[in-house]
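Nothing in this text is a laboratory measurement; each read-out follows from the coordinates by a stated rule. Bear in mind that the values here come from a model prediction, so they are computed numbers and not experimental data. In this analysis, Cβ positions are derived from the backbone assuming ideal geometry, glycine residues included, and neighbour counts consider all displayed protein chains.
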Amino acid sequence: MKIKIDMKKFAAWFDDRLALTPIFKYMTHKEVPQHEHSFWYYTGSSILLFLAIQIVTGIMLALYYQPTLEGATASIERIMTELPLGWLVRSVHSWGATFMIAFVMVHLLAIWFTKSYRKPREATWMTGMMLLVVSMMFGFTGYLLPWDDLSLAATKVGTNIPVAIPVVGKWVTQFLRGGDDVTGDTLTRFFIFHVCVMPLILFAILAIHVLLVQKEGMSIPLKDELAKKKVPSLPFWPNFVLREVVIWLVLFGVFMTIALAFAPSLGPTADLLAPAPEGVKPEWYFLFLFQTLKIFPANMGPVTGEFVAVLIIVITIVIIFFLPFIDNKPEGKKGKIFQYLGIIGVIYAIVFSIWSLL
C-alpha cells in the first residue's frame with residue numbers, strides 16, 4: 001500500500017501549527033544599524049556559536065563519563081586514549097568554555113563602553129550579567145569533573161570562599177560540597193549542576209535575553225541618539241546573517257587550531273587524603289578574584305580579611321548588575337565617571353590575573 005503525502009499541504013499544516021511565517025517575515029524585515037560600533041554586534045552571536053559547540057561536545061562526553069570517585073578520572077582517560085578522536089572532543093569542550101566566557105565578557109564590556117544598557121535596555125543588560133555568572137558557574141562546576149589533584153584542590157579553595165559570609169556562608173559551602181568537605185558527593189553534585197541545573201537556568205535566561213534584544217532592537221551610538229541622527233541600516237536577512245557566518249567560520253578555524261595544538265592534559269587521580277599540590281590556581285576568569293582575596297590580611301579588626309574581600313566583590317557585582325539604573329544619565333558627568341571606572345576595572349582584572357599567575 002502506497003501512502004501519498006501532499007508536501008504543500010504538509011508544509012501548510014506544519015507552518016500553521018508552529019507559526020513560522022511570522023518569524024520569517026520578521027527576519028526579512030528586520031534591519032541592523034550600521035555605525036562605527038557595529039562590529040560589536042557580532043560578539044553576541046558568536047557566544048551562540050560556542051554555546052552550540054559546548055552542547056554537542058558536552059553530550060558526547062556525558063555518554064562515557066562516570067561521575068564517581070572510582071570512574072571519573074578513568075573514564076576521562078578512556079575518552080582521551082581509547083575512543084576515536086575522544087581527546088579532541090574533550091579539548092574542544094575545554095577550550096569552548098574559555099572562548100564562550102571570554103566572548104560573554106567582551107560582549108558585556110562593549111555594551112558598557114558604548115552605554116547600550118541605557119533606557120529601554122536595562123533588563124537586557126541585567127539578563128546579560130546573569131548569563132555571565134551562569135557561564136562562569138559552568139566553568140567552576142566543570143573544572144572538578146576530571147577529578148585530578150589540581151581540580152580537587154582548586155574546588156576546595158573555591159567552595160570554601162562563601163564561609164566568610166556571615167549567617168549563610170557555612171550553609172552555602174555545605175550545600176555546594178554536599179557535606180563539610182569535598183568528597184564523592186561533591187563530584188556527583190557538581191556533575192548534576194553542570195549537566196542538569198545550569199543548562200536549565202542558562203536556557204531560561206538566554207530565551208528572555210534574546211526576546212528582549214528582538215523587542216528593543218539593537219542600540220545606536222549615544223551621540224547619534226542625542227542628535228536624533230538617522231543611522232543607516234543593513235537587512236538582517238540575508239546580509240547581516242551572511243556576515244555572521246563568515247565571522248563564525250574564521251572564529252571556528254582559530255578555535256579548532258588552538259584545540260588541536262593545545263589539548264588539555266589529565267593529572268593524577270585526586271587523593272582526598274593527600275595535601276594540596278603547590279601552585280593551585282583557578283581558571284583564568286577567576287584569577288583576579290582569587291588574587292583579590294589573597295591581598296587582604298587574615299584579620300581586620302573584628303572581621304576577617306576574607307570577609308571584607310568577599311563583601312567588596314559582592315557589592316561590586318551588585319553595582320554592575322544595577323548599572324543602568326545608577327548611570328541613568330549616560331550623557332552627563334556620571335556617565336563619564338562610569339566610563340573611567342570600566343577602564344580601571346579592566347586594567348585591574350588584567351594586572352591582578354597576571355600577578356596571580358606570577
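Listed values, structure above:
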read-out: For the chain, with +1 on Lys and Arg beta carbons and -1 on Asp and Glu, the positive-most of Thr98, Pro282, Ile317 along the dipole; value: Ile317
read-out: Residue-by-residue Karplus 3J(HN,Hα) for the stretch 315-330, coefficients 6.51, -1.76, 1.60, Hz, glycine and proline x; value: 4, 4, 5, 5, 4, 5, 4, 9, 3, x, 8, 7, 8, 7, 10, x
read-out: Rounded, prolate or oblate (a/c below 1.5 giving rounded, otherwise prolate when a/b exceeds b/c) for the stretch 307-348 by Cα gyration tensor; value: oblate
read-out: Distant-in-sequence amide H partners of Glu31 (H built 1.01 Å from N, under 5 Å); value: Phe236
read-out: Under-5 Å amide H pairs with Ser233, H placed in peptide plane, nonlocal only; value: Gln34
read-out: Cα gyration tensor shape of the stretch 200-247, rounded if a/c is under 1.5, else prolate or oblate by comparing a/b with b/c; value: oblate
read-out: Sorted by Cβ density within 10 Å, fewest first, the residues Leu272, Leu51, Leu144; value: Leu272, Leu51, Leu144
read-out: The stretch 123-238: C-alpha gyration tensor shape, a/c 1.5 cut-off, then a/b vs b/c; value: prolate
read-out: Euclidean distance between Cα centres, the stretch 299-358 to the stretch 65-136, Å; value: 23 Å
read-out: Residues Lys170, Lys228 arranged by fewest to most Cβ contacts within 10 Å; value: Lys228, Lys170
read-out: Enclosed volume per residue, in Å³, of the convex hull spanned by Cα atoms of the chain; value: 201 Å³
read-out: Sites matching chymotrypsin sites (Phe, Trp or Tyr not before Pro) across the stretch 250-295 that sit in DSSP coil, with at most 13 neighbouring C-beta atoms within 10 Å; value: Phe262
read-out: Candidates Gln54, Gln34, Gln66, ranked by Gaussian network fluctuation over the chain, Cα under 10 Å, top entry; value: Gln34
read-out: Loop sites in the stretch 1-106: chymotrypsin sites (Phe, Trp or Tyr not before Pro), DSSP, at most 16 other Cβ within 10 Å; value: Tyr64
read-out: Order of His107, His35 under a 10 Å beta carbon neighbour criterion, fewest first; value: His35, His107
read-out: Note, ³J(HN,Hα) from phi for the stretch 128-145, Karplus 6.51, -1.76, 1.60, rounded to Hz, x at Gly and Pro; value: x, 4, 4, 5, 5, 4, 5, 4, 5, 5, 4, x, 5, 6, x, 5, 7, 4
read-out: Fluctuation leader among Pro235, Pro302, Pro67 - the chain, Gaussian network, Cα springs under 10 angstrom; value: Pro302
